[in-house]
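Sharing a structure, written as structure tokens. Questions coming.
What follows is calculated from the coordinates using simple rules that are stated; it is not laboratory data. Quick caveat: nothing in here was measured; it's all calculated off a predicted structure. No Cβ is skipped: glycine too gets one built from the backbone with ideal geometry, and neighbour counts run over all protein chains shown.
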Amino acid sequence: MPKEPIRLLHFADLHIGIENYGRLDPSTGVNSRVRDFLDRLDEVVAYALENEADLVVFAGDAYKTRDPNPTYQRAFARRVKQLVDAGVPVVLLVGNHDLPTMPQRASTVDIFQTLAVPNVYVGREEGVFRIQTRRGPVQVAVVPFPIRTRLLAHEEFRGLSLPDLDAALQKIVTDNIGALARQIDPEVPAVLTAHLSVSGATYGSERGVMIGRDTVILLSALTDPVWDYVALGHIHKHQSLHNGHPPVVYAGSLERIDFGEEREPKGFCWVQLRRGETTWRFVEVKARPFVTIEADLREAGDPLAMLREAVARYDFRNAVVRVILRLRPEQEKQVREADVRRLLEGAAFVAGIRSEVERKARLRLGTMRPEELTPIQLLERYLEVKAVPQDRRQELIEAAREIFSGGE
Ligand SMILES: [Mn+2]
């Protein structure tokens with residue numbers, strides 16, 4: 001009889017402490033956006049318990065910063081405890097936001113290891129955990145965020161250029177993953193979890209919170225069939241990088257950080273882990289909606305009335321909302337911010353109200369609408385309007401062509 005698959009829940013990039021578009025909630029002493037992030041974690045825990053997860057893998061970045069305040073630490077620890085108390089082992093991988101500036105210092109999740117919390121496995125260094133779950137044994141190989149500056153502690157890497165350091169680090173990580181693969185017992189289901197950037201992945205909102213450019217690992221370093229599932233963290237946009245065996249998946253973050261993620265679903269991965277044949281699906285959580293309201297009021301006699309109609313077409317209840325208006329210069333005084341705010345009652349937070357007023361420069365676009373122009377044409381018009389000298393203009397356009405073509 002085929003064995004029952006192991007039920008694995010994979011999530012990542014929790015980032016407790018991000019406060020964008022929030023305000024202090026006096027009843028809890030916590031920022032309203034932090035509350036959102038914790039609510040999403042509660043959804044994860046509830047799902048794991050209701051669906052009898054055998055193992056939870058958190059692929060890194062527990063907090064916004066490496067120095068989370070005690071209230072955030074307690075909030076996180078409480079939820080980890082709910083899982084382990086129910087007999088669900090939890091792997092906590094160390095992401096770049098969890099890492100201390102000096103290797104001697106503690107990561108944000110080291111405390112679980114120090115206290116030897118039963119059923120919690122901290123992935124601070126590369127290694128393989130052999131975990132006994134309710135539905136059988138599983139191996140979890142952990143690869144924390146590879147950090148370039150650690151190399152500098154070794155003589156041989158000093159004085160190398162940034163690209164050479166990157167290449168060296170890429171090779172070390174790839175070799176280390178190979179070494180982990182050799183420790184795997186091929187009879188037992190195996191998961192690889194890593195917090196890093198993989199070639200070919202699409203970046204999301206982490207761009208805005210990333211500390212610097214990071215080393216990119218080739219996808220081929222992760223697709224060894226010894227793994228039955230590869231659980232990634234670091235990139236906030238949920239995506240699958242490999243549809244064959246093994247699945248290689250970024251769970252993505254649980255909450256939105258900015259409007260760049262307005263249309264991105266948020267959630268975690270629910271995995272049926274089996275040696276050689278794993279299936280998984282993405283489970284969406286109720287992340288706070290972000291809504292952009294755009295209204296072109298240039299033709300309106302009564303712009304505020306027209307805006308009221310436009311706003312009514314959006315569902316922005318409990319959303320973080322921003323408004324972008326297009327106005328003629330003489331209309332500016334007719335649309336006051338206080339009036340616009342009144343129209344947005346029911347929103348969780350008004351992130352901003354921006355008026356794009358049609359200035360003279362716009363006319364120089366000619367009869368074409370900006371949306372109809374190519375990026376190069378737009379740049380040409382812009383440089384013309386800014387009265388940039390002809391030869392300089394040519395130089396800039398050449399440089400831009402290279403950038404637009406992706407540097408090929
Ligand atoms: Mn990260």
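Return the aspartates and glutamates within reach of LYS171: Cα separation strictly under 18 angstrom, same-chain partners fewer than 8 residues apart disregarded; answer none if there are no such residues.
GLU125, GLU126, GLU155, GLU156, ASP214, ASP224
Quick check on the stretch 191-280: of the DSSP beta bridges with both residues there, what percent are antiparallel, nearest 5%? Don't jump to the answer; show the numbers that get you there.
Working: 5 of 15 bridges.
Antiparallel bridges make up about 35 percent of those DSSP assigns within the stretch 191-280.
Percent of Cα-Cα pairs per 5 Å bin, from 0 to the last occupied bin, for the stretch 6-284, please list those.
Histogramming the stretch 6-284 at 5 Å steps yields 1, 6, 13, 18, 20, 18, 13, 7, 3, 1, 0 percent.
Quick one: net charge of ARG135's neighbours, Cβ under 14 Å, K/R +1, D/E -1?
+1
Hey, which lysines would be in cross-link range of LYS81, C-alpha to C-alpha under 26 Å, not counting anything within fewer than 8 residues on its own chain?
LYS64, LYS266, LYS286
Roughly speaking, what is the stretch gain from ASP67 to LEU378, that is 0.36 nm per residue apart minus the C-alpha to C-alpha distance, in nm to one decimal?
Full-extension gain reported as 107.6 nm.
Okay, moving on. Does the stretch 1-132 classify as rounded, prolate or oblate by the C-alpha gyration tensor (a ≥ b ≥ c root eigenvalues; a/c under 1.5 gives rounded; else a/b over b/c gives prolate, otherwise oblate)? Each step should come with its number before you reach the end.
Details: a/c = 2.14, a/b = 1.31, b/c = 1.64.
Oblate.
Report, to the nearest 10°, how far helix 303-312 tilts away from the longest principal axis of the Cα atoms in the chain, using its own Cα long axis and a range of 0 to 90°.
Helix 303-312 sits roughly 30 degrees off the main axis of the chain.
Now for a different question. Which percent, nearest 5, of DSSP beta bridges in the chain are antiparallel?
Antiparallel bridges make up about 35 percent of those DSSP assigns within the chain.
Roughly speaking, what is the stretch gain from ARG281 to GLU125, that is 0.36 nm per residue apart minus the C-alpha to C-alpha distance, in nm to one decimal?
Additional length available on full extension: 53.3 nm.
If you average the C-alpha positions of the stretch 116-168 and of the stretch 20-44 separately, how far apart do those two centres end up, in angstrom?
Distance between centres, Cα-based: 31 Å.
Going by average Cβ neighbours within 10 Å, how do the peptides 15-26, 191-202, 375-386, 156-167 rank, with the highest at the top?
191-202, 15-26, 375-386, 156-167
Next question. Could you give the distance between the Cα centres of the stretch 219-254 and the stretch 47-83, to the whole Å?
Here the two parts' Cα centres lie 21 Å apart.
Under a Cβ-Cβ cut-off of 13 Å, what is the net charge of the residues other than GLY244 that fall near it, where Lys and Arg count +1 and Asp and Glu count -1?
Charge balance near GLY244 sits at -3.
Sticking with the crude label model, points 7 Å out along Cα→Cβ, report the distance from ILE147 to ARG298 in nm, one decimal please.
Reported label-point gap for ILE147 and ARG298 is 5.1 nm.
A further question follows. Please give the helix 390-404 orientation as an angle from the longest Cα principal axis of the chain, in degrees from 0 to 90, rounded to the nearest 10.
The answer is roughly 30 degrees.
Another question, if that's okay. Tell me, what is the FRET efficiency for ARG158 and LYS386 to the nearest 0.05, using R0 = 41 angstrom and their Cβ-Cβ distance as r? Can you show the working numbers first?
Working: r = 45 Å, r/R0 = 1.09.
Calculated transfer efficiency: 0.35.
Label-point separation (nm) for ASN243 and ARG328, each offset 7 Å from Cα along Cα-to-Cβ?
5.2
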